[in-house]
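Novice: Pasting in a structure now, in structure tokens, and then I'll have a few things to ask.
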Amino acid sequence: MPTERKIKQVQELNDKLSNCSIAIATDPTGIDGNTMTQLRNIMDQHQVEYRMVKNTLAYISSDTVEKPKLRDIIEGPTILAIGYDDPVIVAKAVAECVRNSQDVLAIKGALMGQDILDAAQIKTLANLPPKDQLLAMLLGQLQSPITKLVTVLNGPLNGLANVLTQRLNQLDSQVTKS
């Protein structure tokens, strides 16, 4: 019979997994207490939730929130890095933790949406610019052809305006001489 505490833990994990954009599973085996405190501080700075999960409770929760692929990345001691907004920020935070732990912290995999990512894909994700910067770059790429089109379409009008202005100046100079 499950205890009240375990039922509450599963419900909390259900809420987190159903609302997260990415959950990265890491293996903390071999990490000392001081390093773990540093890793938690890094995660807090990036606003990433970093929590140890019991495998059986994670399996129950993954089935409940209909993310059964999460079972594939949870095996042995597992700490989940859970992010709710930009998956790139979570991947960057985990990559920074791996560097700070001198590669003792191992990435098992990640669940992004319904897709499983391996450690190499997470490192690639960590090298991407943040979502806001990517959107700005996309907007710039979309605006560039439109700006060029407007410039080309305005060319004949600008030329006509220049010709008329020069002719007006010519007429003004002729009237002034007379």
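Novice: Does S21 satisfy the condition of being in contact with an Asp or Glu (Cβ under 9 Å, 6 or more places away or on another chain) and polar (S, T, N, Q)?
Specialist: Against the criterion (in contact with an Asp or Glu (Cβ under 9 Å, 6 or more places away or on another chain) and polar (S, T, N, Q)), S21 qualifies.
Novice: Does any residue of the range 42-53 turn out to be out of contact with any helix residue (DSSP H, G or I) (no Cβ under 6 Å at 6 or more places or on another chain), part of a helix (DSSP H, G or I) and over 24 Å from K8 (Cα atoms)?
Specialist: Checking the range 42-53: at least one residue is out of contact with any helix residue (DSSP H, G or I) (no Cβ under 6 Å at 6 or more places or on another chain), part of a helix (DSSP H, G or I) and over 24 Å from K8 (Cα atoms).
Novice: Looking at the structure I just gave you, is D103 assigned to a loop (DSSP other than H, G, I, E, B), within 20 Å of N127 (Cβ to Cβ) and either in contact (Cβ under 8 Å) with a residue 40 or more places away in the chain or touching a His at 6+ places or on another chain (Cβ under 9 Å) (or both)?
Specialist: no
Novice: Sort through Q133, Q143, Q174 and tell me the only one that's among the polar types (S, T, N, Q), within 13 Å of the chain's Cα centre (by Cα) and either assigned to a helix (DSSP H, G or I) or farther than 30 Å from V53 by Cβ (or both).
Specialist: Q133
Novice: Next up: Could you go through the range 81-90 and let me know if any residue there is of a type in the set (S, T, Y) and more than 28 Å from K6 (Cα to Cα).
Specialist: The answer is no; no qualifying residue exists.
Novice: Also, I was wondering about something else. Which of the residues that make up the range 54-96 are under 15 Å from the mean Cα position of the chain (by Cα) and in a helix (DSSP H, G or I)?
Specialist: Result: P87, V88, I89, V90, A91, K92, A93, V94, A95, E96.
Each value in this text was obtained by applying a stated rule to the coordinates, not by laboratory testing. All of these numbers come straight from a predicted model, not from anything done at the bench. Reconstructed Cβ throughout: ideal geometry from the backbone, glycine too, with neighbour counts over all protein chains shown.
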